[in-house]
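Since every read-out is calculated from the coordinates, none of them should be taken as a lab result. What you see is a predicted model, and the numbers here were worked out from it, not measured in a lab. So basically every Cβ, Gly included, is an ideal-geometry build from the backbone, and we count neighbours across all protein chains shown.
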Amino acid sequence: MLVGVCDFPGSYAFPPAGYGGIERWLWAVATGARAAGADVHLLGPGWLADLEEDWVRKPVRLEDVTPGTLAERELRDARYDLLVVGHEYPSLPDWTRTWSELDCDVATFQHSPVFQHTATAFDGQRSRLYCYSPEMTERYADHRPIPELAVHLGLREEEPPATAGTDLVWLGRIDEDKAPHIAVRAAQILGRRIRIVGPVFDEEYVRRHERLLTADHVKWIGELGGPDKTAAIAEASVFVYTYARAYVEAGAAVFGESLRAGTPMAALTWRDGTCAQAALCDETGAVAVVDPREDDETAARRLADAIAQAESLDHRGVQDIGMRRFDPARHFQAMATRPC
């Protein structure tokens, strides 16, 4: 099987070392395809140059190909079986025009809760859309979505054997949507230290919650990548996950990252059917479902209870489950197979 994994114009490298959700997912698909025995071409100029010795790179993007040119003929002659691409592209006319000449399948994962696809983007067979949670599947029901847990990988982020950690950790982009202040307050209720890992996306949000976010029990780490990022997760006792009431999580990388590192999760959600509930089970974490009409203090106390529950879980058992549930080869095989 020949698979083309397509990059796109963006601010992060392929694969990224730290933040960059869709970029990390595409890299996981590429490595999963190779592990499953497929031949892989990395399509587009954004893939890191130092991958050239180990990977076949083709610096062409389908949306830039002119009809009838040598570039189009070379793509067609390669005889791809499957293209994997960011979720916008099956609705992009220039991209789909070239794809229609290739006689291959296309698969993508919905990484945005608001992107609007064209009515003909997916047929559920030759063109397939995958969604993480029941919530996301319902939002994109018109496009025949297929339930699947996304796997995300970065460079040099191989997980060490699981060990029981010490402090709590929260990881993600720091803004209103991700609401780390609730995680910080939950840690404070428990008398625990918490490490905040990630880039600041919203300075005003940080200023608004400055007193809490700069309290003595909080340590700001900044954005990490590679082994440092993996260590920050693996060395924690519990990964604390939060988001804002109105935000819809399309498919956060952190669930797979934490479970593969052997770190149980305590998750706050505001409704049922979310990514947290799709990713976690009683052996890997605890989920606090809070009525969105409740205030942040109530949510933090419920989250603190979930942290205490998750902390009792066995880290090695969490890692065993995480490695199976978020296995790149399994993920690729699911996406490479047409539904019956």
May I ask which residue of Ala78, Trp47, Gly20 lies farthest towards the positive end of the charge dipole of region 2-89, with charges of +1 (Lys, Arg) and -1 (Asp, Glu) on Cβ and the Cα centre as origin? Ala78
Chymotrypsin sites (Phe, Trp or Tyr not before Pro) restricted to DSSP loop in region 242-340 with at most 16 other C-beta within 10 Å: Tyr247
Computed over the Cα atoms of the chain, what is the convex hull's projected area averaged over all directions, in nm²? 16.8 nm²
For 133-140, 146-153, ranked highest to lowest by mean beta-carbon neighbours within 10 Å, the order is 146-153, 133-140
Would you work out the charge dipole size for the chain about its Cα centre, treating the Cβ of every Lys and Arg as +1 and the Cβ of every Asp and Glu as -1, and quote it to the nearest 20 debye? 320 debye
Tell me, what HN-Hα J-couplings in whole Hz come from the Karplus equation 6.51 cos²θ - 1.76 cosθ + 1.60 at θ = phi - 60° for each residue of region 291-299, using x for Gly and Pro? 4, x, 7, 6, 7, 4, 5, 4, 4
Given 10 °C and 1.306 mPa s, compute D for region 168-323 with the Stokes-Einstein relation, Rh being the Kirkwood radius over Cα pairs; round to the nearest whole µm²/s. 105 µm²/s
Quote the charge dipole size of region 1-73 about the Cα centre in Debye, to the nearest 20; the model charges only the Cβ of Lys and Arg (+1) and of Asp and Glu (-1). 140 debye
Looking only at lysines whose Cα falls under 24 Å of Lys229's and that sit 8 or more positions away or on another chain, we get Lys178, Lys219
Just to be sure I understand: of the beta bridges DSSP finds with both ends in the chain, what percent are antiparallel, rounded to 5? 0 percent
Using amide H atoms built 1.01 Å from N in the peptide plane, name the residues 5+ places from Ile146, or on other chains, whose amide H lies under 5 Å from its own. Leu129, Tyr130, Cys131
Size of the dipole of region 103-228 about the Cα centre, Lys and Arg at +1 and Asp and Glu at -1 on the beta carbon, nothing else charged, in debye to 20? 460 debye
Label Trp55 and Glu138 with points 7 Å out from Cα along Cα→Cβ: what is the distance between them in nm? 3.7 nm
State the Cα centre-to-centre distance between region 59-93 and region 293-340 in whole Å. 35 Å
How large is ³J(HN,Hα), in whole Hz, for each residue of region 36-47 in order, when computed from phi with the Karplus curve 6.51 cos²θ - 1.76 cosθ + 1.60 and θ = phi - 60°, using x for Gly and Pro? 7, x, 7, 8, 10, 10, 8, 9, x, x, x, 5
Cα→Cβ-extended label distance, 7 Å offset, between Asp272 and Asp296, nm: 2.9 nm
GluC sites (Glu not before Pro), restricted to region 23-91: which are DSSP loop and have at most 15 other Cβ atoms within 10 Å? Glu52, Glu53
P(r) histogram, all alpha-carbon pairs of region 2-154 included - 5 Å bins from 0, percent: 2, 9, 19, 23, 21, 16, 7, 2, 0
5 angstrom amide H check on Leu48, placed H, neighbours 5+ away: Phe14
Tell me, what HN-Hα J-couplings in whole Hz come from the Karplus equation 6.51 cos²θ - 1.76 cosθ + 1.60 at θ = phi - 60° for each residue of region 256-261, using x for Gly and Pro? x, 4, 6, 5, 5, 7
Tell me which residues come under 5 Å, amide H to amide H, from Gly285 once H is placed; ignore anything under 5 positions away on its chain. Met265
Assuming a ≥ b ≥ c are the square roots of the Cα gyration tensor eigenvalues, decide whether region 141-211 counts as rounded (a/c under 1.5), prolate (otherwise, with a/b larger than b/c) or oblate. oblate
